[in-house]
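Notes follow the structure.
The values are calculated or read from the model by the stated rules, or taken from the named source; none is laboratory data. Please read all numbers here as calculations on a predicted model, not as lab measurements. No Cβ is skipped: glycine too gets one built from the backbone with ideal geometry, and neighbour counts run over all protein chains shown. Only protein heavy atoms, including side chains, enter the accessible area calculation; ligands, DNA and RNA are left aside. Shrake-Rupley method; radii C 1.70, N 1.55, O 1.52, S 1.80 Å.
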Amino acid sequence: AISVDMTPFTQTLSAGGSLGVFDVELGNEACTGFVSPTPTFVFDWEGEAEKLVIFFEADADTTLIVRDPNGIYQCDDDLDGAKNLNPYLDLTPIPGGHQVWVGSYAPDVIVDGTLTITGDTTVRPEPLTSEMIDQ
(Lines give C-alpha, C1' and ligand atoms only; values in the text may rest on other atoms or scores of the structure.)
Protein backbone atom coordinates (compact mmCIF):
# COMPACT_ATOMS: atom_id res chain seq x y z
CA ALA A 1 0.00 0.00 0.00
CA ILE A 2 1.07 3.58 -0.67
CA SER A 3 0.38 6.40 1.78
CA VAL A 4 1.24 10.09 1.66
CA ASP A 5 4.33 9.65 3.85
CA MET A 6 5.73 7.20 1.27
CA THR A 7 5.44 9.73 -1.55
CA PRO A 8 6.67 10.71 -3.98
CA PHE A 9 6.50 7.10 -5.14
CA THR A 10 7.98 6.42 -8.57
CA GLN A 11 7.92 3.34 -10.77
CA THR A 12 9.44 2.73 -14.20
CA LEU A 13 6.74 1.36 -16.52
CA SER A 14 6.10 0.57 -20.17
CA ALA A 15 3.02 2.29 -21.62
CA GLY A 16 0.95 1.05 -24.53
CA GLY A 17 -0.83 -2.01 -25.84
CA SER A 18 -3.26 -3.20 -28.49
CA LEU A 19 -6.57 -2.17 -26.88
CA GLY A 20 -8.03 1.11 -28.18
CA VAL A 21 -9.50 2.90 -25.17
CA PHE A 22 -12.06 4.62 -27.42
CA ASP A 23 -13.55 1.12 -28.03
CA VAL A 24 -14.24 0.65 -24.31
CA GLU A 25 -17.11 2.38 -22.49
CA LEU A 26 -15.47 3.99 -19.48
CA GLY A 27 -17.97 6.81 -18.99
CA ASN A 28 -15.32 9.47 -19.57
CA GLU A 29 -14.68 11.05 -22.97
CA ALA A 30 -11.22 12.23 -21.86
CA CYS A 31 -9.99 8.62 -21.99
CA THR A 32 -7.89 7.86 -25.04
CA GLY A 33 -4.85 5.97 -26.31
CA PHE A 34 -3.88 2.33 -26.69
CA VAL A 35 -3.39 0.23 -23.56
CA SER A 36 -3.01 -3.36 -22.42
CA PRO A 37 -6.21 -5.05 -21.19
CA THR A 38 -4.58 -5.55 -17.78
CA PRO A 39 -3.57 -2.48 -15.76
CA THR A 40 -0.05 -1.12 -16.24
CA PHE A 41 0.19 -0.60 -12.48
CA VAL A 42 -2.01 -1.36 -9.44
CA PHE A 43 -1.74 0.16 -5.96
CA ASP A 44 -3.65 0.44 -2.70
CA TRP A 45 -3.93 3.94 -1.27
CA GLU A 46 -4.26 4.34 2.50
CA GLY A 47 -4.34 7.25 4.92
CA GLU A 48 -5.30 10.88 4.62
CA ALA A 49 -4.24 13.36 1.96
CA GLU A 50 -5.88 16.40 0.44
CA LYS A 51 -5.08 15.32 -3.11
CA LEU A 52 -3.55 12.38 -4.89
CA VAL A 53 -1.40 13.40 -7.85
CA ILE A 54 -0.49 10.83 -10.51
CA PHE A 55 1.54 11.57 -13.64
CA PHE A 56 3.69 9.84 -16.24
CA GLU A 57 6.89 11.17 -17.79
CA ALA A 58 8.25 9.78 -21.06
CA ASP A 59 10.00 10.92 -24.22
CA ALA A 60 6.85 10.30 -26.29
CA ASP A 61 3.21 11.40 -25.96
CA THR A 62 1.26 9.13 -23.56
CA THR A 63 -2.17 8.95 -21.93
CA LEU A 64 -3.20 8.14 -18.37
CA ILE A 65 -6.25 6.29 -17.05
CA VAL A 66 -6.97 5.67 -13.36
CA ARG A 67 -9.84 3.56 -12.02
CA ASP A 68 -10.55 4.39 -8.39
CA PRO A 69 -11.96 1.96 -5.78
CA ASN A 70 -15.50 3.15 -6.64
CA GLY A 71 -15.05 2.10 -10.28
CA ILE A 72 -14.86 5.67 -11.59
CA TYR A 73 -12.41 6.27 -14.47
CA GLN A 74 -10.42 9.49 -14.61
CA CYS A 75 -8.23 10.21 -17.60
CA ASP A 76 -5.76 12.72 -18.96
CA ASP A 77 -3.92 13.14 -22.21
CA ASP A 78 -1.84 16.33 -21.90
CA LEU A 79 -1.22 18.35 -18.74
CA ASP A 80 -0.92 21.64 -20.61
CA GLY A 81 -1.82 21.20 -24.27
CA ALA A 82 1.17 21.55 -26.57
CA LYS A 83 3.29 22.97 -23.72
CA ASN A 84 3.35 19.65 -21.87
CA LEU A 85 2.19 16.41 -23.50
CA ASN A 86 2.86 14.36 -20.34
CA PRO A 87 -0.42 13.26 -18.70
CA TYR A 88 -1.31 14.43 -15.17
CA LEU A 89 -4.24 13.68 -12.84
CA ASP A 90 -5.10 15.42 -9.59
CA LEU A 91 -7.54 13.13 -7.73
CA THR A 92 -9.43 13.12 -4.47
CA PRO A 93 -7.81 10.22 -2.61
CA ILE A 94 -10.02 7.26 -1.79
CA PRO A 95 -8.61 4.42 0.34
CA GLY A 96 -8.35 1.14 -1.51
CA GLY A 97 -7.30 -0.34 -4.81
CA HIS A 98 -6.48 1.83 -7.80
CA GLN A 99 -5.82 0.53 -11.31
CA VAL A 100 -3.60 2.58 -13.62
CA TRP A 101 -3.24 2.24 -17.39
CA VAL A 102 -0.64 4.23 -19.31
CA GLY A 103 -1.37 4.40 -23.03
CA SER A 104 0.48 5.26 -26.21
CA TYR A 105 -0.89 6.77 -29.42
CA ALA A 106 -0.59 3.82 -31.80
CA PRO A 107 -1.42 0.15 -31.31
CA ASP A 108 1.42 -1.91 -29.88
CA VAL A 109 3.79 1.07 -29.63
CA ILE A 110 5.55 0.68 -26.28
CA VAL A 111 6.81 3.80 -24.49
CA ASP A 112 9.04 3.51 -21.43
CA GLY A 113 8.71 6.15 -18.74
CA THR A 114 8.23 6.90 -15.06
CA LEU A 115 4.97 6.94 -13.12
CA THR A 116 4.89 9.25 -10.09
CA ILE A 117 2.31 9.13 -7.27
CA THR A 118 2.42 11.93 -4.68
CA GLY A 119 0.29 13.99 -2.31
CA ASP A 120 2.19 17.14 -3.31
CA THR A 121 0.00 19.18 -5.67
CA THR A 122 2.88 21.53 -6.55
CA VAL A 123 4.77 18.75 -8.36
CA ARG A 124 4.34 18.60 -12.14
CA PRO A 125 5.77 16.28 -14.78
CA GLU A 126 8.77 17.55 -16.74
CA PRO A 127 7.62 19.48 -19.83
CA LEU A 128 7.39 17.43 -23.03
CA THR A 129 6.66 19.35 -26.24
CA SER A 130 6.03 18.12 -29.76
CA GLU A 131 9.33 19.73 -30.78
CA MET A 132 11.13 17.48 -28.27
CA ILE A 133 9.45 14.37 -29.72
CA ASP A 134 10.18 15.22 -33.37
CA GLN A 135 13.94 15.29 -32.82
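In region 1-24, the residues that are free of Cβ contacts under 8 Å to residues at least 40 places away in the same chain reach residues that are open to solvent by less than 70 Å² (accessible area, probe 1.4 Å) and not in a loop (DSSP other than H, G, I, E, B) with C-beta atoms within less than 8 angstrom, at least six apart or across chains, in these pairs: LEU19/PHE34; LEU19/VAL35. Out of the residues in region 80-135 that are in a helix (DSSP H, G or I) and not hydrophobic (A, V, I, L, M, F, W, C), state the one that is surrounded by the fewest Cβ atoms within 10 Å (Cβ to Cβ). Among those that are in a helix (DSSP H, G or I) and not hydrophobic (A, V, I, L, M, F, W, C), it is ASP134.
Got at least one residue in region 27-45 being closer than 23 Å to ASP108 by Cβ, open to solvent by 80 Å² or more (accessible area, probe 1.4 Å) and among the polar types (S, T, N, Q)? Yes, region 27-45 has at least one match.
Out of the residues in region 1-26 that are out of contact with any Asp or Glu (no Cβ under 9 Å at 6 or more places or on another chain) and closer than 12 Å to SER104 by Cα, which is most open to solvent (accessible area, probe 1.4 Å)? The residue in question is LEU19.
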